[in-house]
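The block underneath contains the structure these notes are about, expressed in structure tokens.
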Amino acid sequence: MKPINENIVIKSIIGRYLEHSRIYYFHNGGKEEVFISSADLLSRNLDRRLEIMVPITEEEVREKLLNIIRRYWDDTFNCYKMKEDGTYYKVDKKVYFNCHEYFMKEAIENFKLRRVPKIAMKNKK
């Protein structure tokens, strides 16, 4: 894929994990649309397989997915952006942010919270 106009930015995050989110965000005429999909948009997936993409309409789920996209967008550690000619350049690290570290810390924290007895969580509020 190459950027076909100034409204499209292609950003690559190369980091610790090979797998990636398949969250698609469109700002379609001012309307935010969020989808999840079984495939990334490669011809080998689209030409030889049956793939599915579904809209996310529940607000809480949409916000969680948009938060993931925001963290990827904020990444300066693993980030490369595509130029019009299809080549990539490393993004300058004015502010250090590694989305993979962020997601790992978030997962560890969420795991720890699940292990806290529910009575302790009620008292915490």
Identify all residues within segment 29-77 that are within 30 Å of Tyr89 (Cβ to Cβ) and aliphatic (A, V, I, L, M); write none if there are none. Val34, Ile36, Ala39, Leu41, Leu42, Leu46, Met53, Leu65, Leu66, Ile68, Ile69
In the set Asn45, Asn5, the lone residue that is more than 17 Å from the chain's Cα centre (by Cα) and part of a loop (DSSP other than H, G, I, E, B) is Asn5
Name the one entry in Tyr80, Tyr89 that is modelled with pLDDT of 80 or more, open to solvent by 50 Å² or more (accessible area, probe 1.4 Å) and over 22 Å from Tyr25 (Cα atoms). Tyr89
Return yes or no: is Thr57 open to solvent by 50 Å² or more (accessible area, probe 1.4 Å) and at pLDDT 75 or above? yes
Does Arg22 qualify as being touching an Asp or Glu at 6+ places or on another chain (Cβ under 7 Å), among the basic types (Lys, Arg) and open to solvent by less than 90 Å² (accessible area, probe 1.4 Å)? yes
Can you tell me which residue is modelled with the highest pLDDT among those in segment 10-34 that are over 23 Å from Tyr102 (Cα atoms) and outside any loop (DSSP other than H, G, I, E, B)? Glu33
Single unsatisfied condition, Tyr88 versus (1) touching a residue at least 24 places away in the same chain (Cβ under 8 Å); (2) within 18 Å of the chain's Cα centre (by Cα): (2)
Within the set of pairs 6+ apart or on separate chains, which have a first residue in segment 94-107 that is under 13 Å from Arg70 (Cα atoms), a second that is assigned to a helix (DSSP H, G or I) and among the basic types (Lys, Arg), and C-beta atoms under 6 Å apart? Cys99/Arg71; Tyr102/Arg71
Within the set of pairs 6+ apart or on separate chains, which have a first residue in segment 42-53 that is of a type in the set (Asp, Glu), a second that is in a loop (DSSP other than H, G, I, E, B) and modelled with pLDDT of 80 or more, and C-beta atoms under 7 Å apart? Glu51/Ser38
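The values are calculated or read from the model by the stated rules, or taken from the named source; none is laboratory data. Predicted model, so just to flag it, every value in this text is computed and none were measured. Cβ coordinates were reconstructed from backbone atoms using ideal geometry, including for glycine residues, and neighbour counts include every protein chain displayed. Heavy atoms of the whole protein, side chains included, go into the accessibility calculation; ligands, DNA and RNA do not. Shrake-Rupley method; radii C 1.70, N 1.55, O 1.52, S 1.80 Å.
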